[in-house]
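These notes are about the structure you will find just below.
The values are calculated or read from the model by the stated rules, or taken from the named source; none is laboratory data. Since we're looking at a predicted model, the values are computed, not measured. FYI the Cβ positions are ideal-geometry reconstructions off the backbone, even for glycines, and counts take in every protein chain you see. To get the accessible areas, we keep the full protein, side chains included, count just its heavy atoms, and leave off ligands, DNA and RNA. Shrake-Rupley method; radii C 1.70, N 1.55, O 1.52, S 1.80 Å.
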Amino acid sequence: MKKWITGLPLLWTSILLLTVKTYIVSKYVFDLDIESFTQDMILFLSAMCSSLILLGLPLLVSKQHQFRLLISIYLFATVVLYLNVLYYRFFNDFITIPVLFQSKNLSNLWTSLVELKNPLDLFMFFDVGLVIILYKLKQNRELQVLNKRKFLIVTIGIFLVSLTLAHSERPELLTRSFDRKLLVKNLGVYTYQVYDFILYSNTKRRIAFADNDKLTEIVNYVNANREKPNENLFGKAKGKNIFLISLESTQDFVINREINGLEITPFLNQLINEQGSYYFSNFYHQTGQGKTSDSEFIVENSLYGLPRGAVFFSNPENKYNSLTNYLKHDSGYYTAVFHANNKSFWNRDVMYDSIGYDRFFSDQDYWISEENSIGWGLKDDHFFTQSIPLLKQLPQPFFAKFITLTNHFPFSLGLQDEFIPEWDSKDGTVNRYFTTVRYQDEALKTFFEQLKAENMYENSVFILYGDHYGISENHNTAMGQFLNKTITPYEYIELQKVPLIFHFPTKNDTRTITTVAGQIDLKPTIMNLLGIEGQEDIQFGSDLFSEEKNEFVILRDGSVITSNYVATGNKCYIRETGQETDLSECQSLLLKAKKELSYSDRVIYGDLLKFLPDFYDNK
Ligand code: GP9
Ligand code: MN
């Protein structure tokens, strides 16, 4: 037996032990929703790949130091894994470097984590002991890799296989970040930790090199472009409960349209025509890769999302003068957000602290089962119904943001929830889209009925908006068939319109407003309705009801829409007709857009809002 043990190759045994341990812990301690054999494979391969890379590092140093380095790395990996286990037990989430360095809650955090330790945890360190014993028992104390080249080839091979599999399971995983659970599930816990470290150091580097002098230039630009908000509406919603409802993937083209003679959004169409409703028919989403999270960011801050990645992930620790913070601190509102998804998705749990929410009702606050879920999670009608008792507990006046989920790609729905049948083009995604939009519409109708029954309707203001497109340009053919026209780049921009409806139950006029506007305008609009001035702030949008509103919308890819022009992909179109015209007519618009986007990026990358109070004090 002893001979057999001493004969084991030290390096390969260590790699195997670390792989198996990491795999078992990832699979059974972290709740990663492993749904298929491929996902299981990815988890195993990623564990193996990290073990190969980490424990292969000692091969780079001289023989006499190899084992010491090997065991130090082994111990370090185990500690990282164990800390994540402790953290996961408490937060149902993985460690991020910013959380570790947050001085304000660091000591509390670790005291709570240490309380969560369990005697069985010692098993996690058992293999470290095994490796040491194996080393001691051996006469020949070398790591025994005969051919370093082969070792490298095997490592790279496994790395590529695991990355390809992960990418096929989750395209855009690294650029969009999405969710820590998904990252760990597809990259493994150690690679995730390295990725998080790179993200963190990038953010820190940008903040360190930020040029504060730019602040004057940016403030001057913002102030020069400031438009006077509508005085008649100033403070008109003060004291009322505010409902901000984000409609998943809902584009404006479904409004007032039918499919096979059936309305796609009967409730929204009716709401638009009710007394007290103001519908904006030329309202654009301005999101980038951060999708829903970008829309939240833009609406909250009147700043643009970032050119790549999601600002919710890259800069969650910045100072933000968000709408929520204003409502909470200036108007004494209780602020809550309702979204029945995993709270770490889009890093919301961290970002919502900076945005200033008093309470985030996430999946843990809802009763979610297989029957009441579809696609991404809890079905919208259950989401709204289960939110009513939660809403009733809130101190008033409250600001409540709801984020729907069912109308999300791949737009799946059970037959029992289909209020209209799927469309019959060759494009399944587009066909299903109409049915899930119709479903969401019905859920909204029920929500409004329930609010009325609970006496939460009259004293409220409702703002409903689409978060971003649901149908990408890959579906232009089917969209062309539906709209009965060719989807040119101009038409594609037109398709970026999302619905925006303000509903004031106590008002008695009805308006359709054709002002060209975007999500960036929501914060200043809501602030004016609540009687908050926010003069010393950096906002790139302006009050939608302003009498001097400059119709100028910038999309994240630099496209521009004004009342006269649409400029996109180096082409200039007459907005009224869609006719292409000379690019020079749009040139100044495109330059202005570029400048504004870069100012916004600088504010975020440099965390510049934190310098604003001093800036104004010293003026
Ligand atoms: C996830 C939901 C959808 O919680 O908001 O995100 P998306 O993919 O639309 O950005
Ligand atoms: Mn979305």
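List every residue pair whose Cβ atoms sit under 7 Å apart, with the two residues 6 or more apart in sequence or on different chains, where the first one lies in segment 387-400 and is farther than 22 Å from S322 by Cα and free of Cβ contacts under 8 Å to residues at least 40 places away in the same chain and the second, anywhere, is assigned to a loop (DSSP other than H, G, I, E, B) and open to solvent by 70 Å² or more (accessible area, probe 1.4 Å).
none
Of the residues Y492, Y469, only one is within 16 Å of ligand 1 (Cβ to nearest atom), within 22 Å of G288 (Cβ to Cβ) and among the aromatic types (F, W, Y); which? So that I can check it myself, show each step before the final result.
Numbers: Y492 fails: within 16 Å of ligand 1 (Cβ to nearest atom).
The match here is Y469.
Determine, yes or no, whether D381 is of a type in the set (D, E) and more than 16 Å from ligand 1 (Cβ to nearest atom). Show your work before the answer.
Numbers: of a type in the set (D, E): yes; more than 16 Å from ligand 1 (Cβ to nearest atom): yes.
Criteria met by D381.
In contact (Cβ under 8 Å) with a residue 24 or more places away in the chain, at positive phi, aromatic (F, W, Y) and buried (at least 17 other Cβ atoms within 10 Å of the Cβ) - does that describe any residue in segment 167-184?
Scanning segment 167-184 turns up at least one residue that is in contact (Cβ under 8 Å) with a residue 24 or more places away in the chain, at positive phi, aromatic (F, W, Y) and buried (at least 17 other Cβ atoms within 10 Å of the Cβ).
With respect to Y326, determine if the residue is outside the structural domain of D179 (by TED's automatic domain parsing) and within 19 Å of Y599 (Cβ to Cβ).
no
So L306 passes all but one of these: (1) away from ligand 1 (no atom under 16 Å from the Cβ); (2) open to solvent by less than 10 Å² (accessible area, probe 1.4 Å). Which condition number does it fail?
Among (1) away from ligand 1 (no atom under 16 Å from the Cβ); (2) open to solvent by less than 10 Å² (accessible area, probe 1.4 Å), the lone unmet condition for L306 is (1).
Here are some residues: F434, F462. Which one is out of contact with any Ser or Thr (no Cβ under 8 Å at 6 or more places or on another chain) and not in a strand (DSSP E or B)?
That would be F434, the only listed residue that is out of contact with any Ser or Thr (no Cβ under 8 Å at 6 or more places or on another chain) and not in a strand (DSSP E or B).
Taking the condition touching a helix residue (DSSP H, G or I) at 6+ places or on another chain (Cβ under 6 Å) and among the aromatic types (F, W, Y), does F399 pass?
So F399 fits the description; yes.
Tell me, yes or no, whether segment 265-287 has at least one residue that is farther than 18 Å from Y357 by Cα, open to solvent by 10 Å² or more (accessible area, probe 1.4 Å), of a type in the set (G, A, S) and in contact (Cβ under 8 Å) with a residue 40 or more places away in the chain.
Scanning segment 265-287 turns up at least one residue that is farther than 18 Å from Y357 by Cα, open to solvent by 10 Å² or more (accessible area, probe 1.4 Å), of a type in the set (G, A, S) and in contact (Cβ under 8 Å) with a residue 40 or more places away in the chain.
Looking only at segment 343-379, count every residue that is touching a strand residue (DSSP E or B) at 6+ places or on another chain (Cβ under 8 Å) and within 23 Å of N318 (Cα to Cα) and tell me the total.
Qualifying residue count, segment 343-379: 10.
Which of the residues spanning segment 438-493 are open to solvent by 10 Å² or more (accessible area, probe 1.4 Å), under 28 Å from the mean Cα position of the chain (by Cα), away from ligand 2 (no atom under 16 Å from the Cβ) and not polar (S, T, N, Q)?
Result: R438, E442, K445, E473, H475, P489, Y490, E491, Y492.
Anything in segment 286-303 that is within 16 Å of ligand 1 (Cβ to nearest atom) and either hydroxyl-bearing (S, T, Y) or closer than 30 Å to N508 by Cβ (or both)? List them, or say none.
Quick first cut of segment 286-303, residues within 16 Å of ligand 1 (Cβ to nearest atom) only: 286-300.
Matches in segment 286-303: T287, T292, S293, S295, V299.
Got a sec? Which of G239, G188, G261 is without any contact (Cβ under 8 Å) to a residue 60 or more places away in the chain and at positive phi?
On inspection, the qualifying residue turns out to be G261.
Taking the options Y278, Y320, name whichever one is in contact with a strand residue (DSSP E or B) (Cβ under 9 Å, 6 or more places away or on another chain) and more than 16 Å from ligand 1 (Cβ to nearest atom).
The unique qualifying residue is Y278.
Can you pull out the residues in segment 392-418 that are of a type in the set (A, V, I, L, M, F, W, C) and over 17 Å from S249 (Cβ atoms)?
Answer for segment 392-418, where residues must be of a type in the set (A, V, I, L, M, F, W, C) and over 17 Å from S249 (Cβ atoms): L394, F398, F399, A400, L415.
Residue-by-condition table, conditions (1) under 22 Å from V299 (Cβ atoms); (2) of a type in the set (F, W, Y); (3) open to solvent by less than 30 Å² (accessible area, probe 1.4 Å):
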| site | (1), (2), (3) |
| --- | --- |
| D358 | yes, no, no |
| F383 | yes, yes, yes |
| K392 | no, no, no |
| L405 | yes, no, yes |
| V430 | no, no, yes |
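Y279 - would you say it is away from ligand 2 (no atom under 15 Å from the Cβ) and either assigned to a strand (DSSP E or B) or polar (S, T, N, Q) (or both)?
yes
Determine, yes or no, whether S373 is among the small types (G, A, S), open to solvent by 20 Å² or more (accessible area, probe 1.4 Å) and away from ligand 1 (no atom under 14 Å from the Cβ).
no
Considering only residues that are within 16 Å of ligand 2 (Cβ to nearest atom) and surrounded by fewer than 16 Cβ atoms within 10 Å (Cβ to Cβ), which ones fall in segment 407-423?
Matches in segment 407-423: P410, S412.
Suppose we keep only residues that are more than 20 Å from V553 (Cβ to Cβ) and within 16 Å of ligand 1 (Cβ to nearest atom) within segment 245-275. Which one would you say is farthest from the chain's Cα centre (by Cα)?
I245
Scan segment 340-356 for residues that are under 16 Å from the mean Cα position of the chain (by Cα), open to solvent by less than 20 Å² (accessible area, probe 1.4 Å) and among the small types (G, A, S) and jot them down.
Of everything in segment 340-356, those that are under 16 Å from the mean Cα position of the chain (by Cα), open to solvent by less than 20 Å² (accessible area, probe 1.4 Å) and among the small types (G, A, S) turn out to be A340, S344.
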